[in-house]
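The values are calculated or read from the model by the stated rules, or taken from the named source; none is laboratory data. These figures come from a predicted structure and were not determined experimentally. Using ideal geometry, Cβ is built from the backbone for each residue, glycine included, and neighbour counts are taken over all protein chains shown.
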2 protein chains.
Amino acid sequence: MTEFVLTTFDWVPELPRGYVRDIRVRWALEEAGLPYRVESVPFEERNAEHFMHQPFGQVPWLTDGELSIFESGAILLHLGGLSEALLPADRKRRNEAVTWLFAALNSVEMASLPWALLMFPGDCEETSAWKFMDDFLRARLGHMETVLAEREWLAGSFSIADIPMSDALRLVDRFDGLANYPACRAYVARAVARPAFVKAHADQMAHFAANDPEPS
Amino acid sequence: MTEFVLTTFDWVPELPRGYVRDIRVRWALEEAGLPYRVESVPFEERNAEHFMHQPFGQVPWLTDGELSIFESGAILLHLGGLSEALLPADRKRRNEAVTWLFAALNSVEMASLPWALLMFPGDCEETSAWKFMDDFLRARLGHMETVLAEREWLAGSFSIADIPMSDALRLVDRFDGLANYPACRAYVARAVARPAFVKAHADQMAHFAANDPEPS
């Protein structure tokens, strides 16, 4: 097996730390016990090679031999194909996990990420556009609350679907958006208590802190 | 091979017609020449069986024998595994197509769908929340413009990636959001000129029109 190389930024400001998307890939690699090393690209100046691997100038991307994969969803699916700790072999359960992977990214995070990005500055006005995004998210959370009230993980056992789903909800929780969704909040708590998440999170925090400028 | 059953709403208002997500699945099935039939669930009252297949109360879902798949992205991936007209067999090109499938859903549509939903009412105020969503979309379109200026389809030849990407951009184009992105607009034009899209679109329009109430 080739060694996986995960590329992320060398540094990011404090606000997004702990939430940069490489955490999803670190988490999956830790769950599966797959060996990897982490490389960095500059946060400040994104060069042509960066765009060659990641056309939106974002992170992460993962290389597996000759394959270079961007989009954390695609990376999770790829890793799922390599480990039953991430994706069950049974055809029906595998279908369920893959379906929920897409649901996390295209039904829940499509509402939650824009919502959270609007929350980051901390000065949301009460406008119709803001209210629309808030209602959009709440509708999705209401359905997820029903789903998560009845199950521990999305597809029978922990899978690649739970990584982006719990991570998307974790960002909502950061801005106290889960106050009325106890099952969603309990799901996030279960997810972040997993040793693989704890290590992934600590590693990301340490990685960015290591490149902090010296205090002057 | 089992017959695929695609489930969509029995009817929707005029505004979303031609853009309901079943079009992506119809399109893929037509590209691959796979046999399918279409079933309907009520748009007005969504019952427990609907939520059993689609936990967000949306459409479409597809059944393939014992598998029931919701999320159009997951359905496209499933169909891609059944036809090289949708997903190339070559490992490297397949990786590229799957990566772009996720990019369409989680990098582009995450910006474009909320933007379009805000545009639908036609009375967008100039607020910071609206401007933020507009800037978010424009940043993504700028990168897609660079990508699409250099290629006909996202992954070498037409693939499952092009269905959600061109469909997401088509919705932006509906509200004239591609005026400054000629390569994106030309890509949408290439996509909608495909016979499989033309048939999928006509079939969706006819399906919803068939259940219009009689004029009184």
How many of the residues in region A:76-94 are within 11 Å of chain B (Cβ to nearest Cβ), surrounded by fewer than 19 Cβ atoms within 10 Å (Cβ to Cβ) and of a type outside the set (D, E, K, R)? 1
Do we find that B:Phe43 is surrounded by 16 or more Cβ atoms within 10 Å (Cβ to Cβ) and farther than 20 Å from A:Asn106 by Cβ in this structure? yes
Kindly provide the set of residues from region A:124-148 that are crowded, with 18+ Cβ neighbours inside 10 Å and among the β-branched types (Val, Ile, Thr), ordered by number. A:Val147
Taking region B:64-107 on its own, how many of its residues are within 18 Å of the chain's Cα centre (by Cα) and among the polar types (S, T, N, Q)? 4
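Only one of B:Ala183, B:Ala97, B:Ala179 is in contact with a strand residue (DSSP E or B) (Cβ under 7 Å, 6 or more places away or on another chain) and more than 23 Å from A:Arg140 (Cα to Cα). Can you tell me which?
On the way: B:Ala183 fails: in contact with a strand residue (DSSP E or B) (Cβ under 7 Å, 6 or more places away or on another chain); B:Ala179 fails: in contact with a strand residue (DSSP E or B) (Cβ under 7 Å, 6 or more places away or on another chain).
After ruling out the rest, the residue left standing is B:Ala97.
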Looking only at region B:1-57, and only at residues there that are of a type in the set (Ser, Thr, Tyr) and assigned to a loop (DSSP other than H, G, I, E, B), the one that is modelled with the highest pLDDT: B:Tyr19
Is there any pair linking a residue in region A:48-67 that is in contact (Cβ under 8 Å) with a residue 12 or more places away in the chain to one that is in a loop (DSSP other than H, G, I, E, B), with Cβ under 7 Å and at least six apart or on different chains, and which? A:Val59/A:Val20; A:Val59/A:Arg21; A:Pro60/A:Arg21; A:Trp61/A:Gln54; A:Asp64/A:Thr2; A:Gly65/A:Thr2
Residues that are more than 7 Å from chain B (Cβ to nearest Cβ) and under 23 Å from A:Asp135 (Cβ atoms), drawn from region A:101-113: A:Ala104, A:Val108, A:Ala111, A:Ser112
Are any of the residues in region B:152-163 within 30 Å of B:Pro88 (Cα to Cα), away from chain A (no Cβ under 12 Å) and assigned to a helix (DSSP H, G or I)? yes
Collect the residues in region B:114-123 that are surrounded by 19 or more Cβ atoms within 10 Å (Cβ to Cβ) and either more than 15 Å from A:Ala111 (Cβ to Cβ) or at the interface with another protein chain (Cβ under 7 Å from one of its Cβ atoms) (or both), keeping them in residue-number order. B:Pro114, B:Leu118, B:Met119
Region B:149-204, residues that are of a type in the set (Ser, Thr, Tyr) and surrounded by fewer than 20 Cβ atoms within 10 Å (Cβ to Cβ): B:Ser157
One residue is enough: does region B:68-75 have a residue meeting the conditions surrounded by fewer than 20 Cβ atoms within 10 Å (Cβ to Cβ) and acidic (Asp, Glu)? no
